[in-house]
């Protein structure tokens, strides 16, 4: 159990200390991971940006991920989506809708510059926690396609099976808290306030000024 996202970020930064001074590119999956990624970037003397991926919600239950789409348009469909009988038309429509959300967020988050190129960099992709891992997997695949020198997934909390799925995509997975019983990310934070788009914009602007 973490007190808050800052305590989770402190824990991740300690485990990532070997990358301090190597100018890692720390990429947050918005919105919740943005303050954590900013903390880690400062601790490691790295550079901060976002990687935009969004879960595909299940029919009638948008909070339950059945896949994810990344900024480059690539779609990851979770194995359980097939078992649930979700058809291709629904997945295409949901991916199109979430991709539009992603593009609107990019315009809002970094309106005056392109996304930072991860090519040849040590890249740390950060999320506050994952349940199924679909969004993180989509983010990792999108970053991998751009040729990072090393790709690390850093997650505050995740069930063990989700961490195993990440190991197939990342060179290293850092997750200090891996409970066997897992219902929702927020249950492992005593304070788990929603992070707003305005906060993400402010965090990115502040990092650019430093």
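The set of residues in segment 84-112 that are assigned to a loop (DSSP other than H, G, I, E, B) and either over 23 Å from residue 199 (Cα atoms) or free of Cβ contacts under 8 Å to residues at least 60 places away in the same chain (or both) comprises 84, 85, 86, 87, 111, 112.
A single entry from 2, 19 fulfils the requirement of being closer than 21 Å to residue 178 by Cα and in contact (Cβ under 8 Å) with a residue 40 or more places away in the chain: 2.
For segment 33-54, the tally of residues that are under 17 Å from residue 194 (Cβ atoms) and crowded, with 24+ Cβ neighbours inside 10 Å stands at 6.
How many of the residues in segment 17-32 are surrounded by 15 or more Cβ atoms within 10 Å (Cβ to Cβ) and either in contact with a strand residue (DSSP E or B) (Cβ under 8 Å, 6 or more places away or on another chain) or outside the structural domain of residue 192 (by TED's automatic domain parsing) (or both)? Going through segment 17-32 one residue at a time, the tally reaches 9.
The number of residues in segment 25-57 that are over 26 Å from residue 73 (Cβ atoms) and under 16 Å from the mean Cα position of the chain (by Cα) comes to 6. Report whether or not residue 148 is in the same structural domain as residue 38 (by TED's automatic domain parsing), more than 20 Å from residue 109 (Cα to Cα), out of contact with any helix residue (DSSP H, G or I) (no Cβ under 7 Å at 6 or more places or on another chain) and in contact (Cβ under 8 Å) with a residue 12 or more places away in the chain. When the stated conditions are applied, residue 148 passes them. Quick one: in segment 185-210, of everything that is part of a loop (DSSP other than H, G, I, E, B) and modelled with pLDDT of 90 or more, which residue is surrounded by the fewest Cβ atoms within 10 Å (Cβ to Cβ)? Among those residues, the one meeting the criterion is 194. Residue-level check: of (1) under 27 Å from residue 21 (Cα atoms); (2) at pLDDT below 95; (3) in contact with a strand residue (DSSP E or B) (Cβ under 6 Å, 6 or more places away or on another chain); (4) part of a loop (DSSP other than H, G, I, E, B), residue 169 misses just (3). Please determine, by comparing only the residues of segment 163-181 that are out of contact with any helix residue (DSSP H, G or I) (no Cβ under 8 Å at 6 or more places or on another chain) and buried (at least 16 other Cβ atoms within 10 Å of the Cβ), which one is nearest to residue 50 (Cα to Cα). Within segment 163-181, the match that is nearest to residue 50 (Cα to Cα) is 172. Determine, yes or no, whether residue 117 is in contact with a helix residue (DSSP H, G or I) (Cβ under 7 Å, 6 or more places away or on another chain) and either crowded, with 22+ Cβ neighbours inside 10 Å or under 22 Å from residue 69 (Cβ atoms) (or both). Answer is no for this residue.
Listed here are the residues, each with its yes/no results for (1) assigned to a loop (DSSP other than H, G, I, E, B); (2) farther than 20 Å from residue 121 by Cα; (3) in contact with a helix residue (DSSP H, G or I) (Cβ under 8 Å, 6 or more places away or on another chain); (4) modelled with pLDDT of 95 or more.
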{"position": "18", "(1), (2), (3), (4)": "no, no, no, yes"}
{"position": "21", "(1), (2), (3), (4)": "yes, no, no, no"}
{"position": "40", "(1), (2), (3), (4)": "no, no, yes, yes"}
{"position": "45", "(1), (2), (3), (4)": "yes, no, no, yes"}
{"position": "62", "(1), (2), (3), (4)": "no, yes, no, no"}
{"position": "69", "(1), (2), (3), (4)": "no, yes, yes, no"}
{"position": "73", "(1), (2), (3), (4)": "yes, yes, yes, no"}
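Could you tell me which residue of segment 1-16 is surrounded by the most Cβ atoms within 10 Å (Cβ to Cβ), considering only residues that are part of a loop (DSSP other than H, G, I, E, B) and at pLDDT 95 or above? In this case the residue turns out to be 16.
Residue-wise test of (1) surrounded by 24 or more Cβ atoms within 10 Å (Cβ to Cβ); (2) touching a strand residue (DSSP E or B) at 6+ places or on another chain (Cβ under 9 Å); (3) at pLDDT 95 or above; (4) under 22 Å from residue 35 (Cα atoms).
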position: 125; (1), (2), (3), (4): yes, yes, yes, yes
position: 136; (1), (2), (3), (4): yes, yes, no, yes
position: 147; (1), (2), (3), (4): no, no, yes, no
position: 154; (1), (2), (3), (4): yes, yes, yes, yes
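The values are calculated or read from the model by the stated rules, or taken from the named source; none is laboratory data. The model shown is predicted, which means the values in this text are computed figures rather than measured ones. Positions of Cβ are backbone-derived with ideal geometry, glycine not excepted, and every protein chain shown enters the neighbour counts.
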